[in-house]
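Note sheet for the following structure.
Every read-out reported here was derived from the displayed coordinates using simple, explicitly stated rules and does not represent laboratory data. If you're wondering where the values come from, they're calculated on a predicted model, not measured in any experiment. With ideal geometry, Cβ positions are generated from the backbone for all residues, glycine too; neighbour counts draw on all protein chains shown.
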Amino acid sequence: MSAPMATMAAMNRPVDLAASLDLGLPWRNRFAGLGEAFYTLRSPTPLPAPEWVGTSPAVADLIGLDRAWLASPAALDAFTGNLAIAGTQPLASVYSGHQFGHWAGQLGDGRAILLGEVDAAAGLQEVQLKGAGLTPYSRMGDGRAVLRSSIREFLCSEAMHALGIPTSRALCVTGSHAPVRREEIETAAVVTRVAPSFIRFGHFEHFSHNGMHDELRQLADFVVDNFYPACRQQPGNPYAALLEAVAARTAEMVAQWQAVGFCHGVMNTDNMSILGLTIDYGPFQFLDAFNPGHICNHSDTGGRYAYNRQPNIAYWNLFALGQALLPLMDDQQQALDALEPYKALMPAALQRRMNAKLGLSEVQDGDADLTETLMKLMATDAVDFTIFWRRLSHAANGPLEPVRDLFLQREAFDTWAGRWQARLQAQAGFDAATTQAQMLATNPQVVLRNHLGELAIQRARQGDFSELARLQNALEHPFEALAGQEDLAAFPPDWASQIEISCSS
Ligand code: AMP
Ligand code: MG
């Protein structure tokens, strides 16, 4: 691997492809192979004087990148978009989508540039630079991402992965002093993000809506062949099978969101991954006090993407995907039939997750009521979601008082706790210590609460990235005891509820 040390002076023009850096990675460019209807070739635009904000060695391992090299000045330039990378074919893809329930027309990668795919042991991984400058799809935007939202995306990607939730990953964040105008002047950053594919529901909507049925079929074949090969091995229409498979993955993903108290915030169809991955982290939030109607996105005045609406919104989005795939199906009924299983899969997946949180290995009649009664109590008393589940885990083999203390309705809690304990102990071969260990491995101690991200961002803005690294490390091990770092698992401070996270990023 050659690694030129010279930092290119930042220029407001795309990088020079002639002087390219060889990372020694086996690049492939499958998406580029789809043809020009799907993208515009576009190199990143450099940023001045980049500096490291954060790196994820685990993601370096995932794509086969030398961990030590990731710390080098050449890597800093490459992942800021200041050096071309040999073997890549940088491009911005075109997609459309429904935003807040309305058809938004053409969108596309307005600030993300796909470098290509690395042929890694875990399968091909797309590598994107988000915030790397203008593309033909930037519309009114500046092609940039600010430090604040880039840190949030970086931390949350890795946190979700550690929680076992399907997600895009983040290799690194680099920052620059270059000013970026949002509500106020902020500074620019670039997140290098990684996923097997960043194809969205909106890609399908784009070609369908524009009557480009050949390209629609080409895209669907690409996704089936590369990611859902089983869809062709069963009888019937492979695109209906694709829709059903995407719905199943989406159901599992959303069930996991609900179970951990995650609000995505902008579930537009252009932010829905065809692989059922959590992507496009914007105004997301992990619940503090449990409030089923919680709206984490300050711009979502109607509450379309409130926490408790996420499962239905996912269905709405799948319906839009089904509509986009209609030209490839025999009739409308085929799409409706493919979507039907979601209605049972989603609640079943959620109940399975909730049961695991409760220490219950199998779902039985009455478990839905047990869960619902609990959620109502938690909502009425605004009980902290993460702390409740962690304390309940300890209570599986310990005193109930720390859990009870979280409630105002003590008698109602006692009644519920009695039901829970009876249900636990009636399990065949019940062992309190084993159940406690299982619950502690299911219910995280630390999640990326808004205020924790905010504290790391404030320090990073002053050039101190140590708090970010400390938080990242804790989020990478969310189920482990936090010796000496209990502050990361504490109740949020009063000011946490005042944090306003909007779409501005
Ligand atoms: P989002 O809802 O953040 O996923 O973005 C919706 C659309 O706006 C996508 O097509 C983005 O690429 C685009 N976009 C968002 N922010 C910017 C920006 N600063 N510059 C250019 N395009 C942007
Ligand atoms: Mg998006």
Pairs of Cα atoms under 8 Å, at least six residues apart: use those to get the relative contact order of the chain, whole percent. 13 percent
Mind listing the long-range amide H neighbours of I85? Cut-off is under 5 Å, sequence gap 5 or more, other chains count too, H placed in the peptide plane at 1.01 Å from N. L21
Quote the FRET efficiency, to the nearest 0.05, computed for Q425 versus A481 with a Förster distance R0 of 25 Å and r equal to the Cβ-Cβ distance. 0.45
The ³J(HN,Hα) series, computed from each phi in the range 125-142 with the Karplus coefficients 6.51, -1.76 and 1.60 at θ = phi - 60°, rounded to the nearest Hz and given as x for glycine or proline, is 10, 6, 10, 10, 9, 9, x, 8, x, 5, 10, x, 10, 6, 6, 8, x, 9
Summing +1 for each Lys or Arg and -1 for each Asp or Glu, what net charge is found among the other residues whose Cβ lies under 10 Å from the Cβ of E117? 0
Pull out the extension gain between E372 and L336, defined as 0.36 nm times the separation in residues minus the alpha carbon to alpha carbon distance; nm, one decimal. 10.0 nm
Residues of the range 259-298 with the amide nitrogen closer than 11 Å to a label point 7 Å from the Cα of A496, along Cα-to-Cβ, please. 286-290
Per-residue HN-Hα couplings for the range 380-392, Karplus 6.51 cos²θ - 1.76 cosθ + 1.60 at θ = phi - 60°, whole Hz, x for Gly and Pro? 4, 8, 6, 6, 4, 5, 5, 5, 4, 5, 5, 5, 5
Show the residues, 5+ positions off or on another chain, whose built amide H is closer than 5 Å to the amide H of A289. F385
Could you state the number of Å between the C-alpha centres of the range 34-67 and the range 456-500? 26 Å
Taking a label point 7 Å from the Cα of N397 along the Cα→Cβ vector, which residues of the range 407-443 have an amide N closer than 13 Å to it? 430-441
Q218/Q106 FRET efficiency (R0 22 Å; Cβ-Cβ; nearest 0.05): 0.75
Using a Cα-Cα cut-off of under 23 Å, which lysines could be cross-linked to K376, ignoring same-chain neighbours fewer than 8 residues away? K343, K357
If a cysteine in the chain has no other Cys Cβ under 4.7 Å from its own Cβ, put it on the list, ordered by number. C156, C172, C231, C503
Over the range 302-373, relative contact order from alpha-carbon pairs under 8 Å, at least 6 apart, %: 19 percent
When K357, K130 are arranged by how many other beta-carbons sit within 10 Å of their Cβ, fewest first, they go K357, K130
The range 360-440 - charge dipole about Cα centre, Lys and Arg +1 at Cβ, Asp and Glu -1, debye rounded to 20: 180 debye
Quick check: residue separation of S72 and L326 times 0.36 nm, minus the Cα distance between them. What number comes out in nm? 86.5 nm
Computed [θ] at 222 nm, deg cm²/dmol, the chain (DSSP H ≥ 4; -39,500 (n - 2.57); rounded to nearest 500): -12000 deg cm²/dmol
Under the Karplus curve 6.51 cos²θ - 1.76 cosθ + 1.60, θ = phi - 60°, whole-Hz ³J(HN,Hα) for the range 55-61, x wherever Gly or Pro sits: 9, 10, x, 5, 6, 4, 4
Could you let me know the centre-to-centre spacing of the range 97-116 and the range 294-319, using Cα atoms, in angstrom? 18 Å
Once you put a point 7 Å from the Cα of N473 and another 7 Å from the Cα of L41, both along the Cβ direction, what distance in nm separates them? 4.5 nm
Starting from the 7 Å offset along Cα-to-Cβ, what nm value, one decimal, do you get for the label separation of R404 and R30? 5.6 nm
Output the peptides 165-172, 418-425 sorted from most to least packed, where packing is the average of other Cβ atoms within 10 Å over each peptide's residues. 165-172, 418-425
State the answer as a single residue: which of A84, Q427, L216 lies farthest towards the positive end of the charge dipole of the chain, with beta carbon charges of +1 for Lys and Arg and -1 for Asp and Glu, about the Cα centre. A84
Which FRET efficiency, nearest 0.05, do A437 and R459 yield, Cβ-Cβ r, R0 30 Å? 0.30
Hey, can you grab everything whose amide H is under 5 Å from the amide H of A178? Only 5+ residues off in sequence or another chain; H modelled, so Pro and N-termini drop out. A188
Considering the options V118, V173, F201, tell which one lies farthest towards the positive end of the dipole of the range 115-222, charges being +1 on Lys and Arg and -1 on Asp and Glu at the Cβ, about the Cα centre. V173
